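Asker: The following block contains the structure, expressed as structure tokens.
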Amino acid sequence: MAEIRAEEPASTISKTFLIKPKLKSKPRSLPQTPESKYWSSFKSTKIPNLVSSISSLSFSPSPPHLFATAYSTSVSLFSPLSLSDGDVSPSSTISSFSDVVSSIAFRNDGLLLAASDLSGLIQVFDVKTRTPLRRLRSHTRPVRFVKYPVLDKLHLLSGGDDAVVKFWDVAGESLVLDLMGHKDYVRCSDCSPVSPDLFVTGSYDHTVKVWDVRVENSRSVLEVNHGKPVEDVIYLPSGGLIATAGGNSVKIWDLIGGGRMVYSMESHNKTVTSISVGRVRKENDGAESMEDRILSVGLDGYMKVFDFGNMKVTHSMRFPAPLMSVSFSPDCRTRVIGTSNGIIFAGRRKGKENVESGRVGNVLGFESISEPERRVLRPTYFRYFHRGQSEKPTEGDYLVMRNKKIKLAEHDKLLKKFRHKDALVSVLSRKNRENVVAVMEELVARKKLLKCVSNLDSDELGLLLTFLSKNATMPRYSSLLMGLTKKVIEMRVEDIRNSDALKGHIRNLKRSIEEELRIQHSLQEIQDLGTSRASLVNLFRGLGNIHLPSLQTSLTPAALLTSASLILMFGNKSRMVFVNFF
């Protein structure tokens with residue numbers, strides 16, 4: 001019975017306090033943007049067991065775009081085509097180094113590979129046979145970078161911990177220039193994509209220097225201060241901008257603008273170790289185009305994709321180790337990232353293989369037959385116009401509505417071409433007072449009105465004086481036109497004296513001004529005379545010669561005063577209306 005009694009309260013409690021059902025949890029991941037989907041489409045392949053930190057990565061400029069990896073005392077070559085099959089073994093390895101390899105670089109034809117090590121030695125290899133062709137030794141301390149100019153096959157660039165940048169003649173195995181200017185270790189460099197004589201170097205003295213081998217005395221032509229030890233520097237594809245990496249920031253500099261900093265991207269939490277130029281595929285109106293991006297990696301394990309056109313980070317990816325180097329293939333199909341623990345994260349973009357993969361199959365005796373890819377429909381193709389302009393748009397078409405163009409008046413077109421005098425004459429001939437005053441105000445803002453007046457000939461000056469005689473006394477425009485009238489008479493007094501037609505315009509102008517003065521004096525008399533009926537009636541008779549025999553008895557003095565004020569304000573036409581009304 002005790003056990004039964006113990007269970008009864010428990011059942012009562014469970015019935016009293018019901019448990020609410022759990023709500024569905026919201027998804028933590030945000031929806032991906034089209035660009036994030038593009039970078040996520042690279043199928044990741046892990047290449048492990050490379051002994052030590054991946055100090056440098058470089059892609060061959062020629063198909064099939066092999067990439068070389070520098071680690072420990074070796075350089076390994078990998079084929080990006082094998083990544084699709086999951087094969088992570090190197091196609092060849094070069095191990096003829098006595099010290100740790102610090103940097104590698106392909107020549108622009110992909111036939112030669114230059115490599116430097118910490119002993120200060122630079123070697124040039126034949127990529128196919130892996131035979132060392134040249135040995136360049138002049139640095140007294142470790143060499144940190146080696147670069148081939150983009151548009152030059154005969155020279156080589158190097159720099160290292162001796163703070164000296166050297167320019168080599170590879171064919172003659174001799175030193176051409178010693179470029180001195182840095183005060184600390186020189187860590188990185190890049191060559192201009194538009195000139196074989198320009199290159200840029202970055203150093204631990206926080207400076208980035210631009211060099212020109214044609215300049216005498218071996219001095220740098222431009223210098224910018226990154227603010228932190230510079231780890232990497234690259235030219236952007238235009239050749240007028242460079243990007244520098246140091247500390248936790250990537251900065252973009254405008255070389256054409258004198259070394260002005262354009263933007264600073266500081267989304268990394270630790271030191272940025274390497275940057276590279278990548279490309280993203282965009283679809284605009286059914287046509288595909290490529291846009292450049294900056295790929296940056298750092299010790300925080302993040303790879304950031306930076307859109308330097310819109311100045312924003314468009315994608316971010318986390319890796320389980322500090323990242324030391326990054327590179328992107330010229331065909332935009334492969335990106336590789338090297339870590340500090342000897343692992344390479346290679347990404348191969350999903351999709352059909354390129355033409356080079358078909359060439360490999362032909363060598364083996366097999367040829368793949370695939371359906372030819374249908375070209376994107378563009379306005380330059382006959383198939384685009386064959387549809388007919390009356391055809392309705394389909395689901396894949398983009399409908400563009402054109403805005404109607406605003407038709408500009410003749411004087412507006414002339415003002416856009418800075419033909420100020422012609423614009424003034426054109427608007428004066430149209431006889432639209434609002435447009436004339438608007439053009440005059442625009443010329444006043446441009447400080448060109450008096451110059452236009454001084455350049456008018458006799459006929460054009462007559463147009464201006466005619467307009468002033470008709471409109472100078474109007475209250476809406478008098479503040480501008482009365483002052484202009486005074487200036488016109490002062491500036492063109494000799495021309496007016498020598499022309500009978502201009503004298504006639506001046507007489508008309510004088511009469512209109514005298515009439516306005518008479519009206520103003522009459523208004524003043526209204527205020528002085530008070531509200532006497534007789535005085536107001538005499539004033540009406542003096543202004544408009546109006547005979548109003550019954551007006552004295554029908555209107556009060558206040559009504560007469562108000563009517564007179566309205567007549568004087570609105571001119572002769574309103575006077576006639578007033579007479580007809582009464």
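The values are calculated or read from the model by the stated rules, or taken from the named source; none is laboratory data. Fair warning: this is a prediction, and the values are worked out from it, not measured in the lab. Every residue, glycine as well, gets a Cβ built from its backbone with ideal geometry; the counts of neighbours run over all protein chains shown. Just the protein is used for accessible areas: all its heavy atoms, side chains included, with ligands, DNA and RNA removed. Shrake-Rupley method; radii C 1.70, N 1.55, O 1.52, S 1.80 Å.
Asker: Can you give me the Cα centroid spacing of segment 206-246 and segment 90-104 in angstrom?
Answerer: Comparing the Cα centres of segment 206-246 and segment 90-104, I get a distance of 28 Å.
Asker: Related question: Students often get this wrong, so check it: of LYS251/LYS304; LYS421/LYS451; LYS470/LYS510; LYS405/LYS431; LYS417/LYS470, which have C-alpha atoms separated by over 20 Å?
Answerer: As for pairs spanning more than 20 Å Cα to Cα, those are LYS405/LYS431; LYS417/LYS470.
Asker: Now for a separate question. Any chance you could run the full-extension gain for SER138 through SER95? It's 0.36 nm times the residue separation minus the Cα-Cα distance, nm to one decimal.
Answerer: 13.3 nm
Asker: Right, another one. Extending each Cα 7 Å along its Cβ direction at VAL444 and GLU266, get the distance between those two points in nm, one decimal.
Answerer: 4.9
Asker: Just subtract the alpha-carbon distance of ILE406 and ASN435 from 0.36 nm times their residue separation and send over the number in nm, one decimal.
Answerer: Length gained, ILE406 through ASN435: 8.8 nm.
Asker: Still on this model: Mind giving me the FRET efficiency for ASN310 and MET180? R0 is 45 Å, r the Cβ-Cβ distance, nearest 0.05 is fine.
Answerer: That pair, ASN310 with MET180, gives E of 0.70.
Asker: Separation of segment 401-432 and segment 42-64 by C-alpha centroid, Å?
Answerer: Centre-to-centre (Cα) distance: 63 Å.
Asker: Let me ask another. How much FRET efficiency would the formula 1/(1 + (r/R0)^6) give for ASN49 and LEU111, where r is the Cβ-Cβ distance and R0 is 45 Å, rounded to 0.05?
Answerer: Working from the Cβ atoms, E equals 0.95.
Asker: Right, here's the next one. Using the Kirkwood radius built from alpha carbon pairs, what does the Stokes-Einstein equation give as D for segment 40-348 at 4 °C and 1.567 mPa s, in µm² per second?
Answerer: 67
Asker: Moving on to the next point. Which number comes out as Rg/Rh for segment 411-518 once both Rg and the Kirkwood Rh are worked out on C-alpha atoms?
Answerer: Rg/Rh: 0.95.
Asker: Let me ask something else. Using a 1.4 angstrom probe with every protein chain in place, what is the largest-first accessible-area order of VAL150, VAL208?
Answerer: VAL150, VAL208
Asker: Expressed as a whole percentage, what fraction of the accessible surface of segment 411-518 belongs to carbon and sulfur atoms when a 1.4 Å probe is rolled over the protein heavy atoms?
Answerer: Percent of accessible area from carbon and sulfur atoms in segment 411-518: 50.
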